[in-house]
Amino acid sequence: MPNVPPELLASIDAVDALLRDPGLDAWPAREDDLALLAATRERLERRFTLAVVGEFSSGKSYLLNALLGKVRYDAQGKIAGLLATDINPSTATITELEYGSPETALARYPSGRSERVPLDNLSRFVAVGGEGAGALHDATLDEDAAPSFVVVSVDSPFLKSGFTIADTPGLASLNPAHRRATLAYLPRADAVLYLIDTQQPFTDGDAAFLGLIGEHVRTIFIVQTKIDLWRMPEGDATAWEAARARITERAARYAPDAEVYSVSARDYAAATLAGDASLAESSGFPALLAGLERSLEERVQSARTARTMSVLRELSGKAAARVRRAAALTETGADELAREHERAFDVVTERERALGRERDEVARAGEERRAWIADRGAALAENATRALASAIDVADIERIRDRGRFHTLVDATVAPVWTAFALDVAGHVARALERIAKDRPDLRIADLTALRLGGEPGTGAWSRDLPSGITSTIVLGAIGGPTVGFVHGVSRQFAARPYGTYMKRELGTDLHATLFPELEREIVAFVDDIARKLAGAYADVAAAIERERSAVRGQTLVPIERALANTGDPDARRRAEGALGAAVARLGSIDERLLAAETKLRVTSAAPATAAAARNGTSAEAVAFDADAYDRGLRPERYRVVILGALRRGKSSLINAIAGTRLLQDQGHGEARFPIHVRYGERDRAYALKGEGAWTEIATSDAMTDAALSPVLIETPWSMPRQLVLVHAPAFDSGDEEAEEIALAAAHAASEIVGLFSRQLSDRELALYARVAELERPMLLAHTIADNESSGERRTVVELAARYLRERGISIGRIFTISALDYLEAAQTKRPAAAWNELGALRDTLAAHAEEHMRKLAERQRLASELAKVSEPAEGRRLRRSLARFFGRPP
């Protein structure tokens, strides 16, 4: 099992016991709460899933046997194991290896049938068929000739330590179902182990695959295999070291966050059998095992832990609210309870109506979105076939005839088409669903959508954010679906004719007669399926709102009715008071456990190490940006205004001018790598984001230095609205390869965006602001450093910028012309700023927007608490205050 802090498991047990406490009256949503807690624990303790991808003869089976610890000498004195290690046969289906005893295997077929597999026949059972291969199935025949999935329980120390291994067929299988299965599996994996043979260090196929999955798989380990076969000198290094240098150099381009390891599975297996610690160390395996454990604990388990803490806080908070309310009602007289019931009845009725309307609106929006997505299928199919026709027209016939090279060509051609479609769909759906769930933290939109799209909530592509999960599922599903079918169709045409008789002319005829029409039908069907599944996510949200509507009456009126019934029964009243007292003590214990768990996590948290850090020669802490931790560290009630711009556009000066004091210093080239947040505080203080979204206080003098290592928060006693936060985003053109993505991550969490430019909007600035505009946040632009321009020049700059924005379809609220220097000097000398300087207007605009945000927030909070208020009579408020003091919260 993955490393889970005992304090966290104890907190889960405590919350579970509270929810099941027989002394507390049941509430309508208790079973939902228990189900959520059980699912959260299961995901916290779920084993890490490693998808192992390697082409034929890459040493995959040797590596897997070594990982499993299942190695032995056969009758001929060769090293053997659970999985076949011969060049042929090779794996033809996904084999999922999980810990279990006794050891068993179960095969599942595409048609739905399943059968037990004898372990001594496993290697032949999952093998590609072929002459002399000895396989039990011919994987090149129809799709049901071989199993699509085999689950094997193995008594292995590695698996027992917290891992599940998925042995995939890779991408070179002749059966298209196998390539499809591999790509479809990747969004569910926590990490991919991609094997590269030392004899062929980083081929075009490797580049194509890593380039394809690099955007969609968060953790990639590149494993160079068979180093034992290449120890001869080559220049100043051995041959395998020279190959590693090539792999590392090319990986930096196609998978920049991947970690590269070099291993000899054969040496490690021999070392295991002989008990030779020195040989084991030189095999490279111990370093790989340590890297797997460290990286997955840091990247995956930390996210699971933070998710668990959030759920525990939510459930214990809801339970505390119920206990406080029930305690208040026990102190209330019968007459007041009757009046309270009458008042609450009207509120409940109106709330039910409002939730009913919202439920219907969400269901209707889902059907509208389904139609919108489905309608795009035909245009998408046309774009894909047009792009393929052009690529095939200029491609060499030998490249088309070679299935592997043709796959690379086709994938590279259609990937941009699918990515654009996926980003568009994901953006629209995510924005709509997130708006629906904005005031419902317990409505886990990403989980509902993941399940609808066949993913695992909180795992793989779904461990980041909702748009990432949707995008990855669509792109990899499309590449593994319609695209695979098209390549298979072309390959069959070549295979059916003698070599040299089927050329470009014959292929062109078949493309337009059958192959392209079939591809278009498959694309339309795929898009229809995505549309149906995403509409299902809306339906799930509507169902959740309906459950909330159905529970309102029971949650609000039933406690009053129970209290009324107890007013005439002193014994029942005493029992209720006793049960509530016990619940209060239990809640106090839960708060202590959660605090202990949070303290432990802060102490042990560490930033993940990446290959990029090693390449740049800097510490991992100085390089890593954890988008999940950043999101968790942001308070949802704040009104964040993100200031975007290139180097030397005056971001620091603008924030200083708005704050009315010099908080930020101008940075050198690329120093402020992370967002710097500025907001109100009673005194000057600074914090750095550490671990899982926790802000740790630092010296204010260190704030700018620490911005090179992590996001920073600065508090200052300013006159701007209390909930306003100004965010200095890193310069996207600093030369840091992560800078633009970090800036976009800050923009994604923004309430409003201010983009800066000087003299003229560059193409790169326009490209960035176009990406930002897709987030659909209110956006303003500011022409900065305009001190030395004439009035005509300033007007021309603004008019030209407005024209460029219109041409790009970028919608903004207004373009301001500003000078922070003039504004600050005017404030210091008590004179008005220059008449053309609109920084004061920009400052007032942002303040007004923040004030409006705070007004709406207060109104939402008032409406949300109305039900609780009408259910809390005056006689119970004394006890409520007492309970609030006990829980350490303001009454």
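The values are calculated or read from the model by the stated rules, or taken from the named source; none is laboratory data. A quick note: this is a predicted structure, and the numbers were derived from the prediction, not measured. Counting neighbours? That spans all protein chains shown, and the Cβs are built from the backbone with ideal geometry, glycine included. Just the protein is used for accessible areas: all its heavy atoms, side chains included, with ligands, DNA and RNA removed. Shrake-Rupley method; radii C 1.70, N 1.55, O 1.52, S 1.80 Å.
Just a few scattered comments:
- Separation between Cα centres of segment 725-748 and segment 760-797, rounded to whole Å: 16
- Under the convention that each Lys and Arg Cβ holds +1 and each Asp and Glu Cβ holds -1, the size of the dipole of segment 201-272 around its Cα centre is about 120 debye.
- Percent carbon-and-sulfur accessible area, segment 267-351, ignoring ligands, DNA and RNA, probe 1.4 Å: 55
- If R0 is taken as 35 Å, the Cβ-Cβ distance between Lys830 and Glu852 corresponds to a FRET efficiency of 0.70.
- Backbone N under 11 Å from the Leu273 label point (7 Å along Cα→Cβ), restricted to segment 35-76: 71-76
- Sorting 475-487, 352-364, 34-46, 324-336 by their mean Cβ neighbour count within 10 Å, with the most densely packed peptide first, gives 475-487, 324-336, 34-46, 352-364.
- Protection-proxy order for peptides 626-635, 369-378, each taking the mean of Cβ atoms within 10 Å per residue, highest first: 626-635, 369-378
- With all protein chains kept in place, the per residue accessible area of segment 685-839 amounts to 44 square angstrom at a probe of 1.4 angstrom.
- Packing around the peptides 638-651, 766-779, 270-283, taken as the average count of other Cβ atoms within 10 Å per residue, puts them in this order, highest first: 638-651, 766-779, 270-283.
- Cα gyration tensor shape of segment 298-396, rounded if a/c is under 1.5, else prolate or oblate by comparing a/b with b/c: oblate
- Lys, Arg +1 and Asp, Glu -1 on Cβ, resulting dipole of segment 281-368 about Cα centre, debye, nearest 20: 240
- Sequence-distant aspartates and glutamates (8 or more away, or on other chains) whose Cα lies within less than 18 Å of Lys160: Glu42, Glu45, Glu96, Glu98, Glu103, Asp190, Glu293, Glu297
- Rough spin-label spacing in nm, given labels placed 7 Å along Cα→Cβ, for Arg759 and Ala378: 5.0
- In plain terms, the C-alpha convex hull of segment 757-860 casts an average shadow of 8.1 nm² when viewed from every direction.
- Computing FRET efficiency as 1/(1 + (r/R0)^6) for Arg553 and Ala525, where r is the C-beta to C-beta distance and R0 is 45 Å, gives about 0.55.
- Using R0 = 30 Å, the C-beta based FRET efficiency linking His748 and Ser791 works out to 0.20.
- In the assembled protein chains, Tyr254 presents an accessible area of approximately 70 Å² (probe radius 1.4 Å).
- The listed residues Asp155, Asp540 rank as Asp155, Asp540 when sorted by accessible area, largest first, using a 1.4 Å probe.
- Greater than 31 Å apart at Cα, pairs in Lys60/Lys533; Lys651/Lys830; Lys504/Lys533: Lys60/Lys533; Lys504/Lys533
- In the complete set of protein chains, residue-level accessible area for Glu522 is approximately 60 Å², probe 1.4 angstrom.
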